[in-house]
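Peer 1: Pasting a structure here, questions to come.
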Amino acid sequence: MSSKPAEQKSGQLVLPGERLGVIEEFVPDAGTFVKDGVIYSEVVGRALHDLATRHVSVHPVGRGVVIPKVGSIVVGQVVGAQPENANVRIFQVGDKALSGIFMGVLHISDVHLRYVDSMFEVCKACDIVRAKVISEKNQVYHLSTKDKELGVIYAFCSACGATLESRRQNMHCPKCGRIETRKTAFDYGKDLI
Ligand SMILES: [Zn+2]
């Protein structure tokens, strides 16, 4: 036995069914279950790998924990946009704030019912979007804005940062007069977040 002091890997947020290790490495403890020699989390919580006792447990982060699911309508901020994808930091599901940080990806083919040329016509970094979760893999949520209630709900001028106003097909900056393009939700600028 080594005389190393108890080491604990601190609390990464895990979801039910998330892999925590294998039984050759760890002893499954509270908040876990084992299937085919693999230890999974049973609950939403913070995983604790105790490297001294080789126990792994998950401490639930309380009731009413909100996480996105397939079918959820989420609200998030665009943190980066490329021609074919936009990355969205999801901070709200329905009207509830989230426990933890969840990342979503919006692909150009899931933006609109019609063909869209480039993500830059859809959204830009800092915009606030409302989207639907269409799938989830490794805690990355794939988003769609195909319905009319989905899309950008707040957009900001690329030149001066002012909140853009929606005018028919275009977005208009009240401060510097710049015209931009977005895929907006029908209630653009009216939702309280
Ligand atoms: Zn402007």
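Peer 1: Jot down the per residue volume, in cubic angstrom and as a whole number, of the convex hull over the alpha-carbon atoms of segment 75-150.
Peer 2: Convex hull of Cα atoms, per residue: 83 Å³.
Peer 1: Which residue fluctuates the most in the chain, going by a Gaussian network model with Cα springs under 10 Å, if the choices are LYS137, LYS69, LYS183?
Peer 2: The residue that fluctuates most here is LYS137.
Peer 1: Can you check how the C-alpha radius of gyration of segment 10-121 compares to 2.2 N^0.38 Å, as a plain ratio? Mind showing how you got there, number by number?
Peer 2: On the way: Rg = 18.1 Å, N = 112, 2.2 N^0.38 = 13.2 Å.
Its radius of gyration relative to the 2.2 N^0.38 Å reference: 1.37.
Peer 1: Which longest uninterrupted range of the chain lacks any GluC sites (Glu not before Pro) assigned by DSSP to a loop state (not H, G, I, E or B) and surrounded by at most 14 other Cβ atoms within 10 Å? The partial results should precede the final answer.
Peer 2: On the way: sites that count: GLU7, GLU24, GLU25, GLU84, GLU149.
It runs 85-148.
Peer 1: Now for a separate question. Roughly how many percent of the accessible protein surface of segment 92-148 is carbon and sulfur, given a 1.4 Å probe and a whole-percent answer? Could you put the intermediate results ahead of the total?
Peer 2: On the way: 1700 of 3060 Å².
Exposed carbon and sulfur together represent 56 percent of the surface.
Peer 1: Please find the FRET efficiency linking ARG54 to GLN139, where r is the Cβ-Cβ separation and R0 is fixed at 41 Å, and quote it to the nearest 0.05.
Peer 2: On the way: r = 25 Å, r/R0 = 0.62.
After rounding, the FRET efficiency stands at 0.95.
Peer 1: Keeping to pairs on different chains or 8 or more places apart, tell me how many lysine pairs in the chain have Cα atoms under 16 Å apart.
Peer 2: 11
Peer 1: Still on this model: Kindly provide the chymotrypsin sites (Phe, Trp or Tyr not before Pro) of segment 51-118 that DSSP labels as loop, not H, G, I, E or B, and whose Cβ sees at most 12 other Cβ atoms within 10 Å.
Peer 2: In loop regions of segment 51-118 (DSSP not H, G, I, E or B), the sparsely surrounded chymotrypsin sites (Phe, Trp or Tyr not before Pro) are TYR115.
Peer 1: Using a/c under 1.5 as the rounded threshold, could you call the chain rounded, prolate or oblate? The axes a ≥ b ≥ c are square roots of the C-alpha gyration tensor eigenvalues, and prolate needs a/b larger than b/c, oblate otherwise.
Peer 2: prolate
Peer 1: Taking the solvent-accessible surface of protein heavy atoms with a 1.4 Å probe, what is the per residue accessible area of segment 104-193 in Å²?
Peer 2: Accessible area per residue, segment 104-193: 55 Å².
The values are calculated or read from the model by the stated rules, or taken from the named source; none is laboratory data. Note that the coordinates shown come from a computational prediction; the quantities given were computed from them, not determined experimentally. Note: ideal-geometry Cβ built from the backbone for every residue, glycine included; neighbour counts use all protein chains shown. These accessible areas exclude ligands, DNA and RNA; they are computed on the full protein's heavy atoms, side chains included. Shrake-Rupley method; radii C 1.70, N 1.55, O 1.52, S 1.80 Å.
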